[in-house]
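Here is the structure we will look at, set down as structure tokens.
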């Protein structure tokens, strides 16, 4: 009979520590496996019951000024022309700041909630009782390109999936004849950093947005007169056979599969896309509501894009990015909301373009019942300073406090969450981040933001990075 092997106390505790670590790791892996088995992406499954089925995100690039549009600051009226207390010699993005500058336009109460609202957006003021304003947003950057990408993807560098790509990956398609995710750029051009704002990042390439707009109809959808439908159908079947064989011999190449999928979608869109983009089929009353025939060509073009957005949403597109304004230009504030030098004339140009068409889109969604399960977001990359730039009548960049808002499915309308200080300089009350914003969006879509992940470069990546808390105060 062999003698028992005795170990000393130190060896025993060391072995116990190792064993407990293994048990803990096994428990974590089992939980992860169980979570993976309980939810399958892309099959219209959610982690828990969803309030929203689709998302409309209206983006105003150029950093639209919160204290001139959404957040009333009586302190600016009282202190107009005086230095910003504690930051009298402030140097921000484009240089030294001057004194505090009140909004050029008065605010007045709107809706039953009495929300103080700029008089520059009279059409939008009719919707305040349905909107939840987040007045305490913050950003990691004060530069437009990274700021737009950060607001869209949760990361300030390119290469990460946008919120729309994550939504398409999570839910899958609701209409096989239309894209899951559509980006509608403004007639004036793409936003700062362009297509990175609606990129698939490291997700499979099929999750990037398809670009569409009312002024850029999809080309080459009609069959040539020399090709019959039977010939086209036979060619498509042969192509499908060859594509599948080639894809099967090259597993793991998502770009190849995405290209094949895009061609197949394009074939199906030969029937559906002309119909969805045929705005002429809408009654005259709808065109009048949106302002598609306005004498201002920028407003008319944006109005047509708003109408296209509604038609896409009602036909099952999961996520629509709708842009109002575009990139920066040699003249600040000319093409977007970047009013460095002349705030008043810049916003008196941009606000009429934005106001009626956006308000009409919200009215249309509400009247049709789509708003009950459509989540509407309004976003911009950061805010503006409460002071004027020295030597100008414009405002510089301000990532320390700004406003975004939500409306629609599961959102508590007529509410204001958080606040900046008395002048609008910094978020002070219930400070919110882009990650908090998207954690809330994902909850409304039925997802736990910590569980919606994709393994990439050794990490389980997610839209909210390693941050984010749901803003429950704005939810019903």
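The values are calculated or read from the model by the stated rules, or taken from the named source; none is laboratory data. Here the structure is a predicted model, which is why all the values come from computation and not from measurement. Positions of Cβ are backbone-derived with ideal geometry, glycine not excepted, and every protein chain shown enters the neighbour counts.
Here are the numbers for this structure:
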{"quantity": "Positions within the range 130-153 being touching a residue at least 60 places away in the same chain (Cβ under 8 Å), closer than 11 Å to residue 381 by Cα and in contact with a helix residue (DSSP H, G or I) (Cβ under 9 Å, 6 or more places away or on another chain), in sequence order", "calculated": "137, 138, 139, 140, 141, 148, 150, 151, 152"}
{"quantity": "Residue in the range 380-411 that is surrounded by the most Cβ atoms within 10 Å (Cβ to Cβ), counting only those that are within 19 Å of the chain's Cα centre (by Cα) and closer than 12 Å to residue 70 by Cβ", "calculated": "383"}
{"quantity": "Filter result for the condition that a residue is farther than 18 Å from residue 413 by Cα and surrounded by fewer than 19 Cβ atoms within 10 Å (Cβ to Cβ), over 472, 436, 448", "calculated": "448"}
{"quantity": "Output for the range 317-351, where each listed residue is modelled with pLDDT under 95 and at positive phi", "calculated": "333"}
{"quantity": "Search result, residues across the range 286-324 that are surrounded by fewer than 24 Cβ atoms within 10 Å (Cβ to Cβ), within 20 Å of the chain's Cα centre (by Cα) and part of a loop (DSSP other than H, G, I, E, B)", "calculated": "315, 316"}
{"quantity": "Test for residue 69: is it under 30 Å from residue 308 (Cα atoms), surrounded by 10 or more Cβ atoms within 10 Å (Cβ to Cβ), in the same structural domain as residue 184 (by TED's automatic domain parsing) and modelled with pLDDT of 95 or more", "calculated": "yes"}
{"quantity": "Top-ranked residue in the range 111-122 [being touching a residue at least 24 places away in the same chain (Cβ under 8 Å) and either on the phi > 0 side of the Ramachandran plot or buried (at least 19 other Cβ atoms within 10 Å of the Cβ) (or both); ranked as farthest from the chain's Cα centre (by Cα)]", "calculated": "111"}
{"quantity": "Test for residue 353: is it in contact with a strand residue (DSSP E or B) (Cβ under 7 Å, 6 or more places away or on another chain) and either part of a helix (DSSP H, G or I) or surrounded by 21 or more Cβ atoms within 10 Å (Cβ to Cβ) (or both)", "calculated": "no"}
{"quantity": "Unique residue being assigned by TED's automatic domain parsing to the domain that holds residue 402 and in a loop (DSSP other than H, G, I, E, B) when the list is 125, 139", "calculated": "139"}
{"quantity": "Test: residue in the range 197-205 that is more than 14 Å from residue 463 (Cβ to Cβ), surrounded by fewer than 24 Cβ atoms within 10 Å (Cβ to Cβ) and either assigned by TED's automatic domain parsing to the domain that holds residue 333 or at pLDDT 95 or above (or both)", "calculated": "yes"}
{"quantity": "Residue in the range 163-179 that is assigned to a loop (DSSP other than H, G, I, E, B) and closer than 17 Å to residue 60 by Cα present", "calculated": "no"}
{"quantity": "Evaluation of residue 129 against (1) within 25 Å of residue 428 (Cβ to Cβ); (2) surrounded by fewer than 21 Cβ atoms within 10 Å (Cβ to Cβ) (one fails), failing number", "calculated": "(1)"}
{"quantity": "Those residues of the range 76-110 which are under 16 Å from residue 391 (Cβ atoms), part of a loop (DSSP other than H, G, I, E, B) and within 33 Å of the chain's Cα centre (by Cα), in sequence order", "calculated": "90, 93, 94, 101"}
{"quantity": "Residue count, the range 184-212 (criterion: closer than 30 Å to residue 293 by Cα and over 17 Å from the mean Cα position of the chain (by Cα))", "calculated": "3"}
{"quantity": "Of the criteria (1) surrounded by fewer than 21 Cβ atoms within 10 Å (Cβ to Cβ); (2) within 21 Å of residue 77 (Cβ to Cβ), which one residue 414 fails", "calculated": "(2)"}
